[in-house]
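Down below is the structure, laid out as structure tokens.
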Amino acid sequence: VPLIEMAYGNMAWINRSLLAVLRFFHGVIGNWGVAIILLTILVRGLLFPINRRQQTSMQRYSAVMQKLKPQLDELKAKLKNNTRKFQEEQMKLLKEHGATPPLGGCLLMFLQFPIWIGLFQILGTSIELRQSAFIGWIDDLSRPDAMPLGLFGVASVNLLPILMACATIVQMRFQPKAGDAQQQQTQKIMGTFMPLLMLWFLYGYSSGLSLYILTSSLLGIFEAQVIRRIWPVDTSPVSR
């Protein structure tokens with residue numbers, strides 16, 4: 001095992017697999033940046049059934065919560081001094097109507113964490129990706145993109161992570177809304193906090209990882225705007 005791979009630990013097989021896929025795409029296209037974009041499309045395609053099922057679950061749950069809102073408000077007023085009893089009655093009511101709380105709008109993001117970590121390690125260690133150009137000013141995917149600026153005393157700006165954060169915020173705005181106001185507020189906060197945290201963490205890292213997440217977010221926006229119109233999410237009640 002190469003010494004550089006020993007630092008990967010349990011991630012070694014994921015990293016070797018990712019690098020093999022990138023090598024294949026690079027062999028066909030001849031550009032490592034395009035290879036990363038094709039890898040992103042492949043991953044999104046593999047996760048698409050899970051994503052659609054999650055969206056369907058969230059839409060159904062939200063629809064049932066809206067339908068049951070008057071009853072839930074009545075229960076809340078009746079049991080305002082007994083939170084535990086209210087939660088028990090709420091769960092009982094939801095169960096009667098076949099409503100299962102979904103896992104949340106960040107599931108797809110969490111499922112891609114191993115790939116993000118793998119790319120994080122590959123881009124920092126793989127000799128093949130050193131000084132690999134993409135387009136324009138992005139001449140090394142293993143380093144920050146550093147677009148020349150020359151304004152207000154700032155020589156350059158890492159544009160890709162900024163675009164990544166903006167695209168991720170927009171993408172999360174298109175996620176199906178949560179079932180109640182409190183969950184919607186949490187969803188809204190997380191939809192802003194997570195991308196900004198990613199921007200802070202990845203701003204000075206390799207542009208290749210920002211390119212992957214940016215492409216993934218843009219594909220998510222495309223899905224929200226186009227695919228859902230052609231193939232709407234099924235919100236019909238589950239037969240019991």
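Values as computed for the structure displayed
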| item | result |
| --- | --- |
| Efficiency of FRET between Gln225 and Val21 - r from beta-carbon atoms, R0 25 angstrom, step 0.05 | 0.35 |
| Too-long pairs where the Cα-Cα distance tops 19 Å, listed order kept, from Lys67/Lys95; Lys76/Lys188; Lys67/Lys188; Lys92/Lys188 | Lys76/Lys188; Lys67/Lys188; Lys92/Lys188 |
| Overall dimensions of the range 20-163 by Cα: Rg and Dmax, Å | 24.1, 67 |
| Rounded accessible area of Glu88 (nearest 10 Å², 1.4 Å probe) | 90 Å² |
| Packing-based ranking, highest mean first, of 151-158, 56-63 given that Cβ atoms within 10 Å are counted | 56-63, 151-158 |
| Built amide H within the under 5 Å cut-off of Met147, gap 5+ | Val157, Asn158, Leu159 |
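The values are calculated or read from the model by the stated rules, or taken from the named source; none is laboratory data. Since the model is a prediction, treat every value here as computed from it, not as a measurement. Every residue, glycine among them, receives a Cβ derived from its backbone with ideal geometry; neighbour counts consider all protein chains shown. Side chains are part of the model used for accessible areas, which takes the heavy atoms of the whole protein and leaves out ligands, DNA and RNA. Shrake-Rupley method; radii C 1.70, N 1.55, O 1.52, S 1.80 Å.
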